[in-house]
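First comes the structure, then the notes that go with it.
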Amino acid sequence: MAYFIQQLLNGLTLGTIYALVAIGYTMVYGIIGMINFAHGEVYMIGAFIALIAFLGATVHFGFGLTGGLIAALVITALFTGLWGWSIERIAYRPLRGAPKLAPLISAIGMSIILQNFVQLSQGARVMTLPPLLQGGIEVMSDDSLTVNLSWLQMGIIGLTLVLMTGLTLIINRTAFGRAQRACAQDPKMAALLGIHVDRVISATFVIGAVLASVAGLMVTLYYGVIDFYIGFLAGMKAFTAAVLGGIGSLPGALLGGLSIGLIEALWSAYFSIEYKDVAVFSVLILVLLFRPTGILGRAEVEKI
Amino acid sequence: MLSISGLHSGYGQIEALHGIDLKVPPGSIVTLIGANGAGKTTLLSTLCGHPRATDGQILFDGMDITHWPTHQIARAGLAHCPEGRRVFPRMTVLENLELGGTPLGAKANADDLEKILDRFPRLRERLTQRAGTLSGGEQQMLAIGRALMSRPRLLLLDEPSLGLAPLIVRQIFELIETINIQEKITIFLVEQNAYHGLKLAHHAHVLVQGRVTLSGSGAELLANPEIRAHYLEGGLTTQT
(Lines give C-alpha, C1' and ligand atoms only; values in the text may rest on other atoms or scores of the structure.)
Protein backbone atom coordinates (compact mmCIF):
# COMPACT_ATOMS: atom_id res chain seq x y z
CA MET A 1 0.00 0.00 0.00
CA ALA A 2 2.74 2.41 0.99
CA TYR A 3 4.56 1.63 -2.24
CA PHE A 4 1.43 2.39 -4.24
CA ILE A 5 0.88 5.73 -2.50
CA GLN A 6 4.49 6.71 -3.03
CA GLN A 7 4.15 5.97 -6.75
CA LEU A 8 0.91 7.93 -6.82
CA LEU A 9 2.69 10.97 -5.40
CA ASN A 10 5.56 10.60 -7.85
CA GLY A 11 3.09 10.23 -10.71
CA LEU A 12 1.15 13.31 -9.66
CA THR A 13 4.31 15.39 -9.55
CA LEU A 14 5.35 14.22 -12.97
CA GLY A 15 1.79 14.70 -14.20
CA THR A 16 1.59 18.33 -13.16
CA ILE A 17 4.78 19.05 -15.08
CA TYR A 18 3.31 17.41 -18.19
CA ALA A 19 0.11 19.34 -17.63
CA LEU A 20 1.93 22.68 -17.64
CA VAL A 21 3.51 21.84 -20.97
CA ALA A 22 0.27 20.39 -22.33
CA ILE A 23 -1.51 23.71 -21.80
CA GLY A 24 0.74 25.30 -24.39
CA TYR A 25 -0.25 22.70 -26.98
CA THR A 26 -3.92 22.88 -26.16
CA MET A 27 -4.23 26.68 -26.11
CA VAL A 28 -2.35 27.15 -29.35
CA TYR A 29 -4.40 24.42 -30.99
CA GLY A 30 -7.57 26.02 -29.64
CA ILE A 31 -6.80 29.39 -31.17
CA ILE A 32 -5.09 28.67 -34.50
CA GLY A 33 -5.79 24.98 -34.98
CA MET A 34 -2.17 23.89 -35.32
CA ILE A 35 0.07 21.66 -33.26
CA ASN A 36 3.09 23.68 -32.18
CA PHE A 37 5.70 20.95 -32.44
CA ALA A 38 8.39 23.37 -31.27
CA HIS A 39 6.70 23.63 -27.89
CA GLY A 40 8.76 20.82 -26.34
CA GLU A 41 11.85 22.81 -27.29
CA VAL A 42 10.43 25.86 -25.54
CA TYR A 43 10.21 23.77 -22.42
CA MET A 44 13.82 22.63 -22.92
CA ILE A 45 14.97 26.23 -23.38
CA GLY A 46 13.05 27.12 -20.22
CA ALA A 47 15.04 24.47 -18.35
CA PHE A 48 18.32 25.87 -19.65
CA ILE A 49 17.44 29.48 -18.87
CA ALA A 50 16.35 28.36 -15.41
CA LEU A 51 19.67 26.66 -14.80
CA ILE A 52 21.67 29.63 -16.06
CA ALA A 53 19.54 32.13 -14.16
CA PHE A 54 19.72 30.15 -10.95
CA LEU A 55 23.47 29.70 -11.10
CA GLY A 56 23.93 33.32 -12.09
CA ALA A 57 21.79 34.59 -9.25
CA THR A 58 23.34 32.40 -6.57
CA VAL A 59 26.98 32.27 -7.65
CA HIS A 60 27.44 35.69 -9.22
CA PHE A 61 25.05 37.85 -7.27
CA GLY A 62 25.12 35.99 -4.01
CA PHE A 63 21.42 35.29 -3.71
CA GLY A 64 20.38 32.67 -1.21
CA LEU A 65 18.51 29.54 -2.19
CA THR A 66 15.03 31.09 -1.98
CA GLY A 67 16.14 34.31 -3.64
CA GLY A 68 17.89 32.33 -6.35
CA LEU A 69 14.80 30.25 -7.04
CA ILE A 70 12.53 33.29 -7.24
CA ALA A 71 15.00 35.09 -9.50
CA ALA A 72 15.26 31.98 -11.68
CA LEU A 73 11.47 31.72 -11.90
CA VAL A 74 11.03 35.35 -12.95
CA ILE A 75 13.92 35.41 -15.41
CA THR A 76 12.94 32.07 -16.92
CA ALA A 77 9.34 33.12 -17.39
CA LEU A 78 10.37 36.43 -18.93
CA PHE A 79 12.92 35.11 -21.37
CA THR A 80 11.06 31.98 -22.36
CA GLY A 81 7.95 34.08 -22.91
CA LEU A 82 10.02 36.16 -25.31
CA TRP A 83 11.12 32.98 -27.07
CA GLY A 84 7.51 31.88 -27.44
CA TRP A 85 6.56 35.26 -28.85
CA SER A 86 9.45 35.25 -31.32
CA ILE A 87 8.75 31.72 -32.52
CA GLU A 88 5.20 32.64 -33.40
CA ARG A 89 6.32 35.84 -35.06
CA ILE A 90 9.02 34.22 -37.15
CA ALA A 91 7.76 30.75 -37.94
CA TYR A 92 3.95 30.85 -37.84
CA ARG A 93 2.56 34.32 -38.42
CA PRO A 94 3.89 34.61 -41.98
CA LEU A 95 2.09 31.34 -42.73
CA ARG A 96 -1.30 32.40 -41.43
CA GLY A 97 -3.87 31.46 -44.05
CA ALA A 98 -1.51 28.99 -45.71
CA PRO A 99 -2.52 25.31 -46.00
CA LYS A 100 -2.41 23.57 -42.63
CA LEU A 101 0.60 21.46 -43.52
CA ALA A 102 2.87 24.50 -43.95
CA PRO A 103 2.90 25.75 -40.34
CA LEU A 104 3.25 22.15 -39.18
CA ILE A 105 6.42 21.70 -41.19
CA SER A 106 7.60 25.12 -40.06
CA ALA A 107 7.06 23.99 -36.46
CA ILE A 108 9.15 20.87 -36.96
CA GLY A 109 11.86 23.00 -38.55
CA MET A 110 11.74 25.40 -35.64
CA SER A 111 12.08 22.49 -33.27
CA ILE A 112 15.21 21.23 -35.03
CA ILE A 113 16.71 24.74 -35.12
CA LEU A 114 16.14 25.28 -31.41
CA GLN A 115 17.58 21.87 -30.48
CA ASN A 116 20.68 22.46 -32.52
CA PHE A 117 21.03 26.02 -31.31
CA VAL A 118 21.07 24.87 -27.70
CA GLN A 119 23.35 21.96 -28.52
CA LEU A 120 25.86 24.29 -30.16
CA SER A 121 25.64 27.15 -27.70
CA GLN A 122 25.42 25.11 -24.49
CA GLY A 123 27.20 21.96 -25.51
CA ALA A 124 25.83 18.50 -25.99
CA ARG A 125 26.83 17.26 -22.56
CA VAL A 126 24.35 16.65 -19.79
CA MET A 127 24.05 19.54 -17.34
CA THR A 128 23.60 18.69 -13.73
CA LEU A 129 22.47 20.50 -10.66
CA PRO A 130 22.93 18.94 -7.22
CA PRO A 131 19.71 18.36 -5.27
CA LEU A 132 18.98 21.68 -3.58
CA LEU A 133 15.79 21.17 -1.70
CA GLN A 134 15.96 18.17 0.51
CA GLY A 135 13.65 16.80 3.09
CA GLY A 136 9.90 16.61 3.19
CA ILE A 137 7.16 15.15 5.26
CA GLU A 138 6.33 11.58 6.03
CA VAL A 139 2.88 10.82 4.77
CA MET A 140 2.53 7.31 6.15
CA SER A 141 4.59 4.25 6.69
CA ASP A 142 4.13 0.52 7.02
CA ASP A 143 6.61 -2.20 7.82
CA SER A 144 8.37 -2.10 4.51
CA LEU A 145 8.41 1.50 3.40
CA THR A 146 7.98 5.08 4.46
CA VAL A 147 6.00 7.28 2.10
CA ASN A 148 7.71 10.57 1.64
CA LEU A 149 6.34 13.71 0.10
CA SER A 150 9.29 16.01 -0.48
CA TRP A 151 9.15 19.78 -0.21
CA LEU A 152 10.05 19.93 -3.84
CA GLN A 153 7.12 17.72 -4.85
CA MET A 154 4.82 19.84 -2.74
CA GLY A 155 6.21 22.97 -4.31
CA ILE A 156 5.76 21.59 -7.83
CA ILE A 157 2.19 20.45 -7.25
CA GLY A 158 1.31 23.63 -5.34
CA LEU A 159 2.77 26.01 -7.91
CA THR A 160 1.05 24.13 -10.73
CA LEU A 161 -2.30 24.39 -8.99
CA VAL A 162 -1.79 28.12 -8.43
CA LEU A 163 -0.84 28.67 -12.08
CA MET A 164 -3.76 26.56 -13.33
CA THR A 165 -6.23 28.41 -11.14
CA GLY A 166 -4.80 31.75 -12.23
CA LEU A 167 -4.98 30.80 -15.88
CA THR A 168 -8.55 29.53 -15.54
CA LEU A 169 -9.59 32.80 -13.90
CA ILE A 170 -7.87 34.84 -16.60
CA ILE A 171 -9.53 32.88 -19.38
CA ASN A 172 -12.99 32.84 -17.82
CA ARG A 173 -13.24 36.16 -16.06
CA THR A 174 -11.14 38.83 -17.73
CA ALA A 175 -11.66 40.84 -20.90
CA PHE A 176 -8.49 39.29 -22.32
CA GLY A 177 -9.81 35.80 -21.63
CA ARG A 178 -13.08 36.65 -23.31
CA ALA A 179 -11.21 37.94 -26.34
CA GLN A 180 -9.03 34.82 -26.32
CA ARG A 181 -12.05 32.52 -26.35
CA ALA A 182 -13.72 34.64 -29.02
CA CYS A 183 -10.67 34.27 -31.25
CA ALA A 184 -10.68 30.52 -30.67
CA GLN A 185 -14.33 30.23 -31.69
CA ASP A 186 -14.45 32.63 -34.62
CA PRO A 187 -11.38 34.76 -35.33
CA LYS A 188 -12.94 36.67 -38.20
CA MET A 189 -15.91 37.72 -36.12
CA ALA A 190 -13.58 38.62 -33.26
CA ALA A 191 -11.71 40.98 -35.59
CA LEU A 192 -15.00 42.56 -36.64
CA LEU A 193 -15.62 43.33 -32.98
CA GLY A 194 -12.39 45.27 -32.76
CA ILE A 195 -10.26 42.53 -31.25
CA HIS A 196 -6.63 42.59 -32.37
CA VAL A 197 -6.52 38.89 -33.22
CA ASP A 198 -2.77 38.73 -33.93
CA ARG A 199 -1.99 40.22 -30.55
CA VAL A 200 -4.26 37.70 -28.82
CA ILE A 201 -2.51 34.87 -30.67
CA SER A 202 0.89 36.26 -29.61
CA ALA A 203 -0.27 36.46 -26.02
CA THR A 204 -1.43 32.84 -26.22
CA PHE A 205 2.02 31.74 -27.34
CA VAL A 206 3.61 33.75 -24.54
CA ILE A 207 1.32 32.18 -21.93
CA GLY A 208 2.08 28.70 -23.24
CA ALA A 209 5.83 29.41 -23.23
CA VAL A 210 5.78 30.85 -19.71
CA LEU A 211 3.96 27.78 -18.36
CA ALA A 212 6.33 25.45 -20.21
CA SER A 213 9.30 27.36 -18.80
CA VAL A 214 8.00 26.90 -15.28
CA ALA A 215 7.79 23.19 -16.06
CA GLY A 216 11.38 23.37 -17.31
CA LEU A 217 12.49 24.98 -14.08
CA MET A 218 10.69 22.32 -12.06
CA VAL A 219 12.30 19.51 -14.02
CA THR A 220 15.73 21.02 -13.57
CA LEU A 221 15.21 21.04 -9.82
CA TYR A 222 13.41 17.70 -9.65
CA TYR A 223 15.74 15.56 -11.72
CA GLY A 224 18.81 17.77 -11.59
CA VAL A 225 19.77 16.64 -15.09
CA ILE A 226 19.01 18.38 -18.36
CA ASP A 227 20.35 18.30 -21.90
CA PHE A 228 19.41 19.78 -25.24
CA TYR A 229 17.30 16.74 -26.13
CA ILE A 230 14.85 16.64 -23.21
CA GLY A 231 12.29 18.72 -25.10
CA PHE A 232 11.52 16.02 -27.63
CA LEU A 233 10.30 13.29 -25.32
CA ALA A 234 8.68 15.63 -22.80
CA GLY A 235 7.03 17.50 -25.64
CA MET A 236 5.63 14.30 -27.14
CA LYS A 237 4.31 13.21 -23.78
CA ALA A 238 2.72 16.57 -23.06
CA PHE A 239 1.21 16.47 -26.53
CA THR A 240 -0.15 13.01 -25.73
CA ALA A 241 -1.55 14.46 -22.51
CA ALA A 242 -3.27 17.27 -24.42
CA VAL A 243 -4.78 14.80 -26.89
CA LEU A 244 -5.81 12.41 -24.12
CA GLY A 245 -7.54 15.21 -22.20
CA GLY A 246 -9.15 16.57 -25.32
CA ILE A 247 -7.10 19.05 -27.30
CA GLY A 248 -8.39 22.60 -27.01
CA SER A 249 -9.65 22.05 -23.47
CA LEU A 250 -7.81 23.56 -20.49
CA PRO A 251 -9.19 21.20 -17.83
CA GLY A 252 -8.47 18.47 -20.36
CA ALA A 253 -4.77 19.39 -20.36
CA LEU A 254 -4.61 19.08 -16.59
CA LEU A 255 -6.51 15.82 -16.59
CA GLY A 256 -4.45 14.43 -19.47
CA GLY A 257 -1.17 15.50 -17.86
CA LEU A 258 -2.03 13.88 -14.56
CA SER A 259 -3.16 10.70 -16.33
CA ILE A 260 0.06 10.46 -18.31
CA GLY A 261 2.15 11.10 -15.19
CA LEU A 262 0.29 8.42 -13.27
CA ILE A 263 0.43 5.89 -16.08
CA GLU A 264 4.16 6.44 -16.40
CA ALA A 265 4.87 6.20 -12.67
CA LEU A 266 2.65 3.20 -12.05
CA TRP A 267 3.83 1.35 -15.12
CA SER A 268 7.45 1.88 -14.06
CA ALA A 269 6.61 0.67 -10.57
CA TYR A 270 4.69 -2.48 -11.41
CA PHE A 271 5.79 -3.49 -14.87
CA SER A 272 9.01 -2.46 -16.46
CA ILE A 273 10.65 0.92 -16.37
CA GLU A 274 12.19 0.38 -19.80
CA TYR A 275 8.76 0.19 -21.34
CA LYS A 276 7.23 3.23 -19.67
CA ASP A 277 7.35 5.34 -22.83
CA VAL A 278 5.82 2.49 -24.80
CA ALA A 279 2.97 2.47 -22.29
CA VAL A 280 2.43 6.21 -22.58
CA PHE A 281 2.42 6.27 -26.35
CA SER A 282 0.19 3.19 -26.53
CA VAL A 283 -2.32 5.28 -24.65
CA LEU A 284 -2.02 7.94 -27.35
CA ILE A 285 -2.76 5.34 -30.03
CA LEU A 286 -5.67 3.88 -28.11
CA VAL A 287 -7.18 7.30 -27.51
CA LEU A 288 -6.83 8.24 -31.14
CA LEU A 289 -8.45 4.96 -32.17
CA PHE A 290 -11.37 4.90 -29.78
CA ARG A 291 -11.96 8.46 -28.65
CA PRO A 292 -10.21 10.87 -31.01
CA THR A 293 -11.71 13.89 -29.25
CA GLY A 294 -10.12 12.90 -25.94
CA ILE A 295 -11.72 12.75 -22.53
CA LEU A 296 -13.09 16.29 -22.40
CA GLY A 297 -12.79 17.21 -26.05
CA ARG A 298 -15.57 18.39 -28.25
CA ALA A 299 -16.33 16.81 -31.57
CA GLU A 300 -15.16 19.02 -34.39
CA VAL A 301 -18.28 20.22 -36.14
CA GLU A 302 -17.88 21.56 -39.62
CA LYS A 303 -19.19 25.09 -39.74
CA ILE A 304 -21.97 25.55 -42.23
CA MET B 1 -20.68 58.89 -43.66
CA LEU B 2 -19.53 56.18 -46.02
CA SER B 3 -18.33 56.75 -49.52
CA ILE B 4 -17.24 53.92 -51.79
CA SER B 5 -15.65 54.64 -55.13
CA GLY B 6 -14.46 52.31 -57.87
CA LEU B 7 -14.25 49.38 -55.48
CA HIS B 8 -12.94 46.09 -56.79
CA SER B 9 -12.67 42.99 -54.65
CA GLY B 10 -12.82 39.24 -54.80
CA TYR B 11 -11.45 35.93 -53.66
CA GLY B 12 -8.11 34.87 -55.06
CA GLN B 13 -8.25 35.11 -58.86
CA ILE B 14 -12.00 35.50 -58.95
CA GLU B 15 -13.20 39.06 -58.86
CA ALA B 16 -16.62 39.48 -57.27
CA LEU B 17 -17.00 43.27 -57.33
CA HIS B 18 -16.19 45.16 -60.51
CA GLY B 19 -16.07 48.80 -59.52
CA ILE B 20 -18.71 49.80 -57.02
CA ASP B 21 -19.63 53.45 -56.44
CA LEU B 22 -21.97 54.04 -53.58
CA LYS B 23 -22.66 56.55 -50.82
CA VAL B 24 -24.29 56.15 -47.46
CA PRO B 25 -25.32 59.62 -46.18
CA PRO B 26 -25.25 60.21 -42.42
CA GLY B 27 -28.45 59.29 -40.57
CA SER B 28 -29.91 57.34 -43.46
CA ILE B 29 -30.85 53.76 -44.10
CA VAL B 30 -29.37 52.53 -47.35
CA THR B 31 -30.43 49.16 -48.68
CA LEU B 32 -28.61 47.04 -51.21
CA ILE B 33 -30.62 44.27 -52.81
CA GLY B 34 -29.48 41.57 -55.14
CA ALA B 35 -29.76 37.91 -55.95
CA ASN B 36 -27.65 35.15 -54.45
CA GLY B 37 -24.06 35.51 -55.51
CA ALA B 38 -24.40 39.12 -56.69
CA GLY B 39 -21.61 40.15 -54.32
CA LYS B 40 -23.62 41.72 -51.50
CA THR B 41 -21.79 39.95 -48.69
CA THR B 42 -18.44 40.47 -50.43
CA LEU B 43 -19.12 44.21 -50.50
CA LEU B 44 -19.83 44.40 -46.75
CA SER B 45 -16.87 42.16 -45.95
CA THR B 46 -14.57 44.26 -48.10
CA LEU B 47 -15.62 47.36 -46.18
CA CYS B 48 -14.20 45.63 -43.10
CA GLY B 49 -11.03 44.58 -44.86
CA HIS B 50 -11.69 40.91 -45.42
CA PRO B 51 -11.19 40.26 -48.30
CA ARG B 52 -9.09 43.30 -49.11
CA ALA B 53 -10.15 45.69 -51.82
CA THR B 54 -7.94 45.17 -54.85
CA ASP B 55 -8.72 48.62 -56.21
CA GLY B 56 -10.79 51.68 -55.33
CA GLN B 57 -11.33 53.59 -52.14
CA ILE B 58 -13.47 53.37 -49.04
CA LEU B 59 -13.95 56.59 -47.08
CA PHE B 60 -15.54 56.43 -43.66
CA ASP B 61 -16.21 59.83 -42.14
CA GLY B 62 -13.56 61.25 -44.44
CA MET B 63 -10.95 58.69 -43.33
CA ASP B 64 -9.53 56.38 -45.96
CA ILE B 65 -10.06 53.00 -44.32
CA THR B 66 -9.37 50.94 -47.45
CA HIS B 67 -6.19 49.41 -46.05
CA TRP B 68 -6.87 49.56 -42.35
CA PRO B 69 -6.72 46.34 -40.34
CA THR B 70 -10.15 44.96 -39.53
CA HIS B 71 -10.01 45.57 -35.79
CA GLN B 72 -9.07 49.20 -36.32
CA ILE B 73 -12.03 49.74 -38.64
CA ALA B 74 -14.29 48.37 -35.92
CA ARG B 75 -12.74 50.73 -33.39
CA ALA B 76 -13.38 53.68 -35.67
CA GLY B 77 -17.13 53.15 -35.20
CA LEU B 78 -18.16 50.84 -37.97
CA ALA B 79 -20.01 47.80 -36.66
CA HIS B 80 -20.62 44.77 -38.82
CA CYS B 81 -23.42 42.36 -38.10
CA PRO B 82 -22.46 39.60 -40.53
CA GLU B 83 -24.39 37.05 -42.49
CA GLY B 84 -25.40 34.05 -40.43
CA ARG B 85 -25.25 36.13 -37.23
CA ARG B 86 -21.94 34.66 -36.06
CA VAL B 87 -22.69 34.82 -32.36
CA PHE B 88 -20.12 32.95 -30.25
CA PRO B 89 -22.10 29.78 -29.59
CA ARG B 90 -20.14 28.53 -26.59
CA MET B 91 -20.26 31.81 -24.73
CA THR B 92 -23.12 33.22 -22.74
CA VAL B 93 -25.40 35.93 -24.03
CA LEU B 94 -23.81 38.34 -21.58
CA GLU B 95 -20.28 37.51 -22.75
CA ASN B 96 -21.32 37.98 -26.36
CA LEU B 97 -22.69 41.41 -25.54
CA GLU B 98 -19.63 42.36 -23.53
CA LEU B 99 -17.42 41.38 -26.45
CA GLY B 100 -19.43 43.80 -28.54
CA GLY B 101 -18.13 46.61 -26.35
CA THR B 102 -14.50 45.78 -27.20
CA PRO B 103 -14.01 48.72 -29.60
CA LEU B 104 -14.79 51.17 -26.79
CA GLY B 105 -12.03 49.80 -24.58
CA ALA B 106 -12.05 51.62 -21.26
CA LYS B 107 -14.94 53.84 -22.37
CA ALA B 108 -17.36 50.89 -22.25
CA ASN B 109 -19.82 51.06 -19.40
CA ALA B 110 -22.76 49.31 -17.85
CA ASP B 111 -25.27 51.81 -19.25
CA ASP B 112 -24.78 50.49 -22.76
CA LEU B 113 -25.61 47.00 -21.62
CA GLU B 114 -28.70 48.16 -19.72
CA LYS B 115 -29.95 50.13 -22.68
CA ILE B 116 -29.58 47.17 -25.00
CA LEU B 117 -31.19 44.76 -22.56
CA ASP B 118 -34.12 47.19 -22.25
CA ARG B 119 -34.45 47.08 -25.99
CA PHE B 120 -34.19 43.29 -26.11
CA PRO B 121 -36.02 41.95 -23.05
CA ARG B 122 -35.63 38.41 -24.41
CA LEU B 123 -31.88 38.69 -24.11
CA ARG B 124 -32.16 39.82 -20.50
CA GLU B 125 -34.12 36.63 -19.73
CA ARG B 126 -31.41 34.52 -21.32
CA LEU B 127 -28.37 36.42 -20.11
CA THR B 128 -26.50 33.44 -18.65
CA GLN B 129 -27.52 30.99 -21.36
CA ARG B 130 -25.09 29.90 -24.05
CA ALA B 131 -25.70 31.80 -27.27
CA GLY B 132 -25.72 28.56 -29.26
CA THR B 133 -28.91 27.48 -27.51
CA LEU B 134 -30.90 30.54 -28.62
CA SER B 135 -33.47 30.44 -31.42
CA GLY B 136 -32.58 32.00 -34.76
CA GLY B 137 -34.52 35.17 -34.03
CA GLU B 138 -32.94 35.55 -30.62
CA GLN B 139 -29.50 35.02 -32.11
CA GLN B 140 -30.18 37.74 -34.64
CA MET B 141 -31.24 40.07 -31.85
CA LEU B 142 -28.10 39.16 -29.95
CA ALA B 143 -25.98 39.84 -33.03
CA ILE B 144 -27.58 43.27 -33.47
CA GLY B 145 -27.35 43.98 -29.73
CA ARG B 146 -23.69 43.00 -29.76
CA ALA B 147 -23.04 45.36 -32.67
CA LEU B 148 -24.83 48.18 -30.82
CA MET B 149 -22.65 47.68 -27.74
CA SER B 150 -19.81 49.49 -29.48
CA ARG B 151 -21.98 52.64 -29.95
CA PRO B 152 -21.30 52.50 -33.69
CA ARG B 153 -21.91 55.40 -36.04
CA LEU B 154 -22.47 53.10 -38.97
CA LEU B 155 -24.06 49.68 -38.71
CA LEU B 156 -23.64 47.15 -41.50
CA LEU B 157 -26.37 44.52 -41.52
CA ASP B 158 -25.96 41.46 -43.72
CA GLU B 159 -29.26 39.68 -44.37
CA PRO B 160 -30.73 40.03 -40.90
CA SER B 161 -33.92 38.30 -42.02
CA LEU B 162 -32.22 35.17 -43.33
CA GLY B 163 -33.88 31.96 -42.17
CA LEU B 164 -36.30 33.64 -39.79
CA ALA B 165 -40.07 33.21 -39.48
CA PRO B 166 -42.14 35.99 -41.13
CA LEU B 167 -43.32 37.39 -37.83
CA ILE B 168 -39.77 37.65 -36.52
CA VAL B 169 -38.64 39.16 -39.81
CA ARG B 170 -41.14 41.95 -39.35
CA GLN B 171 -39.93 42.55 -35.80
CA ILE B 172 -36.32 42.74 -36.93
CA PHE B 173 -37.10 45.32 -39.60
CA GLU B 174 -39.13 47.40 -37.16
CA LEU B 175 -36.18 47.24 -34.84
CA ILE B 176 -33.77 48.41 -37.53
CA GLU B 177 -35.97 51.42 -38.22
CA THR B 178 -36.22 52.24 -34.50
CA ILE B 179 -32.46 52.05 -34.05
CA ASN B 180 -31.96 54.37 -36.99
CA ILE B 181 -34.46 56.94 -35.65
CA GLN B 182 -33.80 56.75 -31.91
CA GLU B 183 -30.07 56.10 -31.80
CA LYS B 184 -29.33 58.09 -34.95
CA ILE B 185 -27.19 55.26 -36.23
CA THR B 186 -26.64 55.19 -39.97
CA ILE B 187 -27.52 51.82 -41.44
CA PHE B 188 -26.26 50.03 -44.51
CA LEU B 189 -28.48 47.04 -45.06
CA VAL B 190 -27.98 44.17 -47.44
CA GLU B 191 -31.06 42.06 -48.10
CA GLN B 192 -32.53 39.39 -50.29
CA ASN B 193 -35.88 40.19 -48.78
CA ALA B 194 -36.36 43.08 -51.19
CA TYR B 195 -39.82 44.10 -50.05
CA HIS B 196 -38.90 44.78 -46.43
CA GLY B 197 -35.47 46.06 -47.28
CA LEU B 198 -36.76 48.63 -49.74
CA LYS B 199 -39.71 49.69 -47.63
CA LEU B 200 -37.59 51.21 -44.91
CA ALA B 201 -34.76 52.45 -47.13
CA HIS B 202 -34.08 56.11 -47.75
CA HIS B 203 -31.83 55.15 -50.61
CA ALA B 204 -31.51 51.82 -52.34
CA HIS B 205 -29.25 50.14 -54.85
CA VAL B 206 -29.50 46.96 -56.87
CA LEU B 207 -26.41 44.81 -57.23
CA VAL B 208 -26.17 42.44 -60.19
CA GLN B 209 -23.05 40.34 -60.71
CA GLY B 210 -20.74 42.71 -58.93
CA ARG B 211 -22.10 45.94 -60.40
CA VAL B 212 -24.68 48.46 -59.18
CA THR B 213 -27.25 48.51 -61.94
CA LEU B 214 -30.00 50.64 -60.44
CA SER B 215 -30.22 53.25 -57.73
CA GLY B 216 -32.98 55.39 -56.29
CA SER B 217 -35.07 55.97 -53.23
CA GLY B 218 -36.55 52.91 -51.56
CA ALA B 219 -40.05 53.84 -52.70
CA GLU B 220 -38.89 54.39 -56.29
CA LEU B 221 -37.30 51.00 -56.53
CA LEU B 222 -40.27 49.37 -54.88
CA ALA B 223 -42.46 50.82 -57.61
CA ASN B 224 -40.05 50.01 -60.44
CA PRO B 225 -41.60 47.34 -62.69
CA GLU B 226 -38.26 45.71 -63.37
CA ILE B 227 -37.55 45.33 -59.67
CA ARG B 228 -41.05 44.03 -59.10
CA ALA B 229 -40.57 41.40 -61.76
CA HIS B 230 -37.13 40.28 -60.64
CA TYR B 231 -37.08 40.64 -56.90
CA LEU B 232 -40.67 40.86 -55.69
CA GLU B 233 -43.24 39.00 -57.72
CA GLY B 234 -41.06 35.96 -58.07
CA GLY B 235 -40.86 35.89 -54.31
CA LEU B 236 -44.32 37.01 -53.25
CA THR B 237 -44.00 34.83 -50.21
CA THR B 238 -41.49 37.28 -48.81
CA GLN B 239 -44.20 39.94 -48.60
CA THR B 240 -45.38 39.18 -45.12
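The values are calculated or read from the model by the stated rules, or taken from the named source; none is laboratory data. What you see is a predicted model; the values in this text were computed from it and never measured. Counting neighbours? That spans all protein chains shown, and the Cβs are built from the backbone with ideal geometry, glycine included. Ligands, DNA and RNA are stripped out before the accessible areas are found, and what is left, the full protein with its side chains, is counted by its heavy atoms. Shrake-Rupley method; radii C 1.70, N 1.55, O 1.52, S 1.80 Å.
Of note:
- Among the residues listed as A:Phe228, A:Phe232, the single one being assigned to a loop (DSSP other than H, G, I, E, B), open to solvent by 10 Å² or more (accessible area, probe 1.4 Å) and touching a residue at least 40 places away in the same chain (Cβ under 8 Å): A:Phe228
- Count of the stretch B:150-163 residues which are surrounded by fewer than 24 Cβ atoms within 10 Å (Cβ to Cβ) and among the hydrophobic types (A, V, I, L, M, F, W, C): 2
- Candidates are the residues of the stretch A:188-209 that are among the aliphatic types (A, V, I, L, M), more than 13 Å from the chain's Cα centre (by Cα) and more than 9 Å from chain B (Cβ to nearest Cβ); the one that is most open to solvent (accessible area, probe 1.4 Å) is A:Ala203.
- Members of the stretch B:51-88 that are open to solvent by 60 Å² or more (accessible area, probe 1.4 Å) and either touching a residue at least 24 places away in the same chain (Cβ under 8 Å) or more than 14 Å from chain A (Cβ to nearest Cβ) (or both): B:Arg52, B:Thr54, B:Asp55, B:Gln57, B:Asp61, B:Gly62, B:Met63, B:Asp64, B:His67, B:Arg75, B:Glu83, B:Arg86
- Given (1) in contact (Cβ under 8 Å) with a residue 40 or more places away in the chain; (2) among the aliphatic types (A, V, I, L, M); (3) in a helix (DSSP H, G or I), number of the condition A:Leu169 does not satisfy: (1)
- Set side by side, the residues A:Ile49, A:Ile5 differ, and just one is aliphatic (A, V, I, L, M), in a helix (DSSP H, G or I), open to solvent by 20 Å² or more (accessible area, probe 1.4 Å) and modelled with pLDDT of 95 or more, which is A:Ile49.
- Matching residues in the stretch A:178-219 - criterion: being farther than 22 Å from A:Ile230 by Cβ, in contact (Cβ under 8 Å) with a residue 60 or more places away in the chain and of a type in the set (S, T, N, Q): A:Gln180, A:Ser202, A:Thr204
- Number of positions in the stretch A:166-184 that are within 12 Å of chain B (Cβ to nearest Cβ) and either open to solvent by 20 Å² or more (accessible area, probe 1.4 Å) or at positive phi (or both): 8
- For beta carbons closer than 9 Å, sequence separation of 6+ or different chains, a first residue in the stretch A:62-75 that is in contact (Cβ under 8 Å) with a residue 40 or more places away in the chain and a second that is assigned to a helix (DSSP H, G or I) and open to solvent by 70 Å² or more (accessible area, probe 1.4 Å), the qualifying pairs are A:Ala72/A:Ile52; A:Ala72/A:Leu55.
- Every condition in (1) crowded, with 21+ Cβ neighbours inside 10 Å; (2) within 11 Å of another protein chain (Cβ to nearest Cβ); (3) not charged (D, E, K, R) is met by B:Thr92 except one, and the failing one is (1).
- A single member of B:Arg211, B:Arg170, B:Arg228 is free of Cβ contacts under 8 Å to residues at least 12 places away in the same chain and basic (Lys, Arg), and it is B:Arg228.
- Members of the stretch B:97-112 that are open to solvent by less than 30 Å² (accessible area, probe 1.4 Å) and at the interface with chain A (Cβ under 9 Å from one of its Cβ atoms): B:Leu99, B:Gly100, B:Gly101, B:Pro103, B:Leu104
- First in the stretch B:128-146 and within 18 Å of A:Ala182 (Cα to Cα), second anywhere and part of a helix (DSSP H, G or I) and among the polar types (S, T, N, Q), Cβ under 7 Å, 6 or more apart: B:Ala131/B:Asn96; B:Ala131/B:Gln139; B:Leu142/B:Asn96; B:Arg146/B:Asn96
- Where B:Ile116 falls short, out of the listed (1) surrounded by fewer than 20 Cβ atoms within 10 Å (Cβ to Cβ); (2) more than 9 Å from every other protein chain (Cβ to nearest Cβ); (3) closer than 28 Å to B:Met1 by Cα; (4) not small (Gly, Ala, Ser): (1)
- Any hit, the stretch A:256-266, residues being assigned to a helix (DSSP H, G or I), at pLDDT 90 or above and open to solvent by 70 Å² or more (accessible area, probe 1.4 Å): no
- Boolean, B:Ala194 is in contact with a Cys (Cβ under 9 Å, 6 or more places away or on another chain) and either of a type in the set (Gly, Ala, Ser) or open to solvent by less than 40 Å² (accessible area, probe 1.4 Å) (or both): no
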